[in-house]
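Visitor: Structure in structure tokens, see below.
The values are calculated or read from the model by the stated rules, or taken from the named source; none is laboratory data. The model shown is predicted, which means the values in this text are computed figures rather than measured ones. For neighbour counting, all protein chains shown are included, and Cβ atoms are generated from backbone atoms with ideal geometry for every residue, glycine included. Accessible surface areas use protein heavy atoms only, side chains included; no ligands, DNA or RNA. Shrake-Rupley method; radii C 1.70, N 1.55, O 1.52, S 1.80 Å.
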Amino acid sequence: MSPSAALQLAARYVMRHRVQSMLLSLALGAALALPVAVRVFARTVEHEMRSRAAVTPQVLGARGSALDLMLNALYFRIQPVEPVQSRQVDEIRRTGMADAIPLYVRFHAQEAPIVGTEIEYFTFRRLKTAEGRLFTRLGDCVVGAHVAQSRGLKTGGHIFSSPEQVFDLAGTYPLKMRITGVLAESFSPDDDAVFVDTKTAWLIEGRAHGHDDLSKPAASAEVLKREEGNVVGNAAVRMFNEVTEANIGGFHFHGDLGDYPLTAAIVIPHDAKAEAILAGRFRDPKSPAQLIRPTDELETVLSTLFRIEGAVVAGLALLAFAAVAISLIVFTLSFKMRAREFATLADIGIPPRTLAMIKACEVALIGLAGVAVAAIAVLLVIRFGPDVVLRALR
């Protein structure tokens with residue numbers, strides 16, 4: 001019997017038992033594709049994290065966990081970081097050696113992090129609006145592309161900040177914010193954030209408030225007492241939960257704004273010398289603030305990730321080897337169960353060499369099908385895997 005005839009007999013058997021052949025091919029393909037998929041995912045995570053950290057020279061924050069500070073400033077994770085006073089940012093600016101962009105990341109709006117910052121942040125990250133404009137006054141916000149898409153938000157609409165505790169509305173100020181714009185998609189954590197001015201973030205925290213003008217005669221019923229030019233309101237004073245053009249004059253802050261908190265600040269030195277000088281100034285352990293380089297902190301995370309990745313890939317490689325070994329056992333048992341079939345073929349004159357060729361063709365067909373499944377899976381991972389990882393990181 002010719003090799004083509006042996007291949008035809010093997011193909012007929014595989015098609016006759018298509019279900020078990022398909023299951024065996026899928027199992028082989030999955031086992032072979034998993035190590036490649038893990039490596040693609042790991043490389044995508046590495047590239048995304050490196051690219052965002054590489055364009056962020058330094059980050060200022062309170063002393064504590066540098067990793068938590070980096071995650072808060074770069075990825076808007078609500079980490080348990082101690083606040084730093086906003087005057088620290090002003091002091092860096094006054095040195096003339098660097099620009100500084102404040103960040104206050106503490107609150108949420110519909111599960112999206114609220115990022116208190118300044119207009120310079122959008123220039124630094126090269127973010128542009130797909131519609132509308134950036135915030136221009138207290139109470140305005142700009143939403144990321146994914147936030148707008150997933151929640152059906154548009155320019156001119158509104159979004160409420162979320163209280164820190166459901167049953168403690170006095171803890172934070174649920175503020176109705178006007179959406180002035182929607183950012184163009186940047187495939188970064190910025191797509192999943194709500195951006196406001198730092199003063200708006202402080203307003204949400206309750207460090208500022210707005211109410212009716214108690215000096216007017218119409219508000220006499222809400223006045224508790226008047227003394228030496230000061231007016232004290234009673235519990236009937238109506239507090240504003242939205243900033244409008246009509247009531248914006250009724251909002252005011254208390255105390256020195258330099259004492260107000262920030263979770264971090266992005267520091268952009270003018271040159272390498274300025275970067276080194278600023279880094280040296282904050283190395284003093286007595287300083288209340290620290291200045292970190294995100295790339296340095298990221299290396300610690302990635303080194304751990306690489307060790308884990310190596311162990312996982314090695315484990316999956318062993319799994320692939322085990323899958324191949326089990327498949328060979330399945331074929332051996334199958335051939336033993338078909339001993340009468342092969343004996344009949346031998347009785348009609350088919351030589352043992354041809355029977356061995358038929359068995360080899362069956363193994364080759366299933367193996368090639370498994371390799372094809374693995375190749376398709378790898379192509380799908382390469383094509384769609386990075387998007388899945390990026391959405392998970394955002």
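Visitor: So which residues in region 297-333 are surrounded by 12 or more Cβ atoms within 10 Å (Cβ to Cβ) and either of a type in the set (D, E, K, R) or under 30 Å from L262 (Cβ atoms) (or both)?
Guide: E297, L298, E299, T300, V301, L302, L305, E309
Visitor: In region 12-36, what residues are more than 22 Å from R383 (Cβ to Cβ) and within 36 Å of the chain's Cα centre (by Cα)?
Guide: Matches in region 12-36: L23, A27.
Visitor: Taking E275 as the residue in question, decide whether it is open to solvent by 40 Å² or more (accessible area, probe 1.4 Å), in contact with a helix residue (DSSP H, G or I) (Cβ under 6 Å, 6 or more places away or on another chain) and either in a loop (DSSP other than H, G, I, E, B) or closer than 30 Å to F122 by Cα (or both).
Guide: Values: open to solvent by 40 Å² or more (accessible area, probe 1.4 Å): yes; in contact with a helix residue (DSSP H, G or I) (Cβ under 6 Å, 6 or more places away or on another chain): no; either in a loop (DSSP other than H, G, I, E, B) or closer than 30 Å to F122 by Cα (or both): yes.
Considered against the rule, which asks whether it is open to solvent by 40 Å² or more (accessible area, probe 1.4 Å), in contact with a helix residue (DSSP H, G or I) (Cβ under 6 Å, 6 or more places away or on another chain) and either in a loop (DSSP other than H, G, I, E, B) or closer than 30 Å to F122 by Cα (or both), E275 comes out as no.
Visitor: Does F342 meet the test of being under 18 Å from A11 (Cβ atoms) and not acidic (D, E)?
Guide: yes
Visitor: Sticking with this one: Report the residue count in region 159-209 for those that are modelled with pLDDT under 85 and among the hydrophobic types (A, V, I, L, M, F, W, C).
Guide: Within region 159-209, residues that are modelled with pLDDT under 85 and among the hydrophobic types (A, V, I, L, M, F, W, C) number 6.
Visitor: Also, quick follow-up: Kindly establish whether R94 is at pLDDT 80 or above, under 17 Å from the mean Cα position of the chain (by Cα), open to solvent by 10 Å² or more (accessible area, probe 1.4 Å) and not small (G, A, S).
Guide: No: the conditions fail for R94.
Visitor: A further question on this structure: Give V55, V19, V36, V45 a once-over and let me know the one that is open to solvent by less than 40 Å² (accessible area, probe 1.4 Å) and at negative phi.
Guide: Only one candidate passes the filter, namely V45.
Visitor: Go through region 131-161 residue by residue and tally those that are open to solvent by less than 40 Å² (accessible area, probe 1.4 Å), within 17 Å of T200 (Cα to Cα) and not in a loop (DSSP other than H, G, I, E, B).
Guide: 5
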